[in-house]
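Okay, structure first, notes after.
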Amino acid sequence: MASAKQLALPLEQPGDEPVSGNREDSHSVQPSPWMARVLSRDNLNRALKQVRRNKGAPGVDGMTVDELPDYLRQHWPEIRQQLLQQTYRPKPVRRVTIPKANGGSRPLGIPTVLDRFIQQTIAQVVQQDWEPRFHPNSYGFRPGRSAHQAVRYGQRCAREGRSWVVDLDLEAFFDRVNHDRLMARLKRHTPDKPLLRLINRYLKAGVQIDSRKAPTPEGVPQGGPLSPVLANVVLDELDWELERRNLRFARYADDCQIYVGSRRAGERVMVSLTRFIEDSLRLTVNTRKSAVDRPWKRSFLGFTLSRKGQRLKVANKALDKLKTQIRILSRRTRGHSLAQVIADLKETLLGWKAYFDEAEVLSPLRDLDKWIRRRLRSYVWKQWGRRGYRELRKRGVSVRLAWNTAKSAHGPWRLSHSPALRQALPARLFRSYGLPELAVR
């Protein structure tokens, strides 16, 4: 058997030394075939690269991603033995809540970085086993597949005459997955007891909320690399049921739309699929968010379709979410320079644009560009304060227009659309600071 030193984990920076350790005891446990793949040098190194690339906050033990390589240098032989002897126990997931755009909040799980690393090694092996068996209309968390492909498939169905959509929403999917069904399904293509036992321990690891630990009798470990592939394993059963019924659909993780030719057909599908999901998968359909409707009245992965021509369009909900972020970054009490505010906005806007550049209907994006410029004009006007008149004059605004604007009783938002501020702070000024324009292709 290979020694711990031979399976050492080199860091991903020049000059770093590999993890070292003493040669394992000659009586140490031989790995099972799947665990041998999990603990192979190549798999471990790929996992370490991915965890470091993903970064993320510390878990319950406080260890950061940057501290992980040194920790593995010192402790990997011991951890490896625990994994082989099936004595390794994952730590609870740290549970925090993050605000949602609608004013609510949603729970977020943060495993320890060591558990994220071990989960990643498992996920890579399970993904490799299952990938050839997954349905081609499953687009989420799979190599060579994307949300854009899922959206384009839905657009194609609508243009081919399937102009009704069954929009399925699974209530708290990641928290409701039935462990027994998941483990039974995993066993079909990953029939390795030590590996399955380790996965089951991750499912049962529990969550820590403040200083209190709570059990996890159902659900998959949110926030960890194992969660997406396990979600696909669970919902693969739904995919092949839809195939058996000869239905056209696109699924991205727990977001699923089925495309049909009439409302009546959609309502039949909704009733029968709800029964299948609740009886067979033991999951719950959220009836408040699920619907049978026209595709241009529903959103899918941040996009919707235009009524005429079924062109891709950014959904209103995605626009509103971005506006909420922009309001926070450009609030008038920040006290930062315009250059700093635009630098902060640039990071958010470039990421948003990279995803939504698929949109074909540009008018909402042009309106959003104008709205962002108004926010920035409001910000600058508030900063100028009593200097408003002098600043307008310095920028070429006439005496009369500058005076009327400076003495106006209107607030910054109303004045941001005034001729004086548009002349003093034109679009080209914001471009010169590097502000991205969302409608520009």
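The values are calculated or read from the model by the stated rules, or taken from the named source; none is laboratory data. Remember, it's a predicted structure, so these values are computed and weren't measured experimentally. Glycine gets a Cβ as well: all are built from the backbone with ideal geometry, and neighbour counts include every protein chain shown. Ligands, DNA and RNA are stripped out before the accessible areas are found, and what is left, the full protein with its side chains, is counted by its heavy atoms. Shrake-Rupley method; radii C 1.70, N 1.55, O 1.52, S 1.80 Å.
The figures follow:
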{"read-out": "Selection from the stretch 256-286 of residues that are open to solvent by less than 50 Å² (accessible area, probe 1.4 Å), more than 26 Å from the chain's Cα centre (by Cα) and either under 20 Å from Asp180 (Cβ atoms) or modelled with pLDDT under 95 (or both)", "value": "Phe276, Ser280"}
{"read-out": "Filtered residue count, the stretch 185-204, keeping only those that are assigned to a loop (DSSP other than H, G, I, E, B) and either open to solvent by less than 10 Å² (accessible area, probe 1.4 Å) or among the aromatic types (Phe, Trp, Tyr) (or both)", "value": "2"}
{"read-out": "Members of the stretch 375-397 that are in a helix (DSSP H, G or I) and open to solvent by 50 Å² or more (accessible area, probe 1.4 Å)", "value": "Lys382, Gln383, Arg386, Arg387, Tyr389, Arg390, Arg393, Lys394"}
{"read-out": "Qualifying positions in the stretch 119-175 - closer than 26 Å to Val38 by Cβ, open to solvent by 30 Å² or more (accessible area, probe 1.4 Å) and over 22 Å from the mean Cα position of the chain (by Cα)", "value": "Pro132, Arg133"}
{"read-out": "Residue within the stretch 401-413 that is in a helix (DSSP H, G or I), under 21 Å from Lys323 (Cα atoms) and not assigned by the TED database to the domain that holds Ser306 present", "value": "yes"}
{"read-out": "In the stretch 331-368, residue farthest from Leu435 (Cα to Cα) [restricted to those that are among the basic types (Lys, Arg) and at pLDDT 95 or above]", "value": "Arg366"}
{"read-out": "Residues being surrounded by fewer than 15 Cβ atoms within 10 Å (Cβ to Cβ) and farther than 18 Å from Ile372 by Cα - total across the stretch 405-441", "value": "4"}
{"read-out": "Enumeration of residues in the stretch 223-255 that are assigned to a loop (DSSP other than H, G, I, E, B) and surrounded by fewer than 19 Cβ atoms within 10 Å (Cβ to Cβ)", "value": "Arg245, Asn246, Leu247"}
{"read-out": "Long-range neighbours under 7 Å by Cβ, at least six apart or interchain, first residue touching a residue at least 24 places away in the same chain (Cβ under 8 Å) within the stretch 240-254, second among the aromatic types (Phe, Trp, Tyr) and outside any strand (DSSP E or B)", "value": "Glu241/Phe276; Ala250/Tyr139; Ala250/Tyr153; Arg251/Tyr139; Tyr252/Tyr139; Ala253/Phe141; Asp254/Phe173"}
{"read-out": "Residue under evaluation Arg89, criteria (1) charged (D, E, K, R); (2) assigned to a helix (DSSP H, G or I); (3) in contact (Cβ under 8 Å) with a residue 40 or more places away in the chain, criterion not met", "value": "(2)"}
{"read-out": "Selection within the stretch 294-344 - touching a helix residue (DSSP H, G or I) at 6+ places or on another chain (Cβ under 9 Å), closer than 29 Å to Trp413 by Cβ, part of a loop (DSSP other than H, G, I, E, B) and open to solvent by less than 40 Å² (accessible area, probe 1.4 Å)", "value": "Gly302, Ser330"}
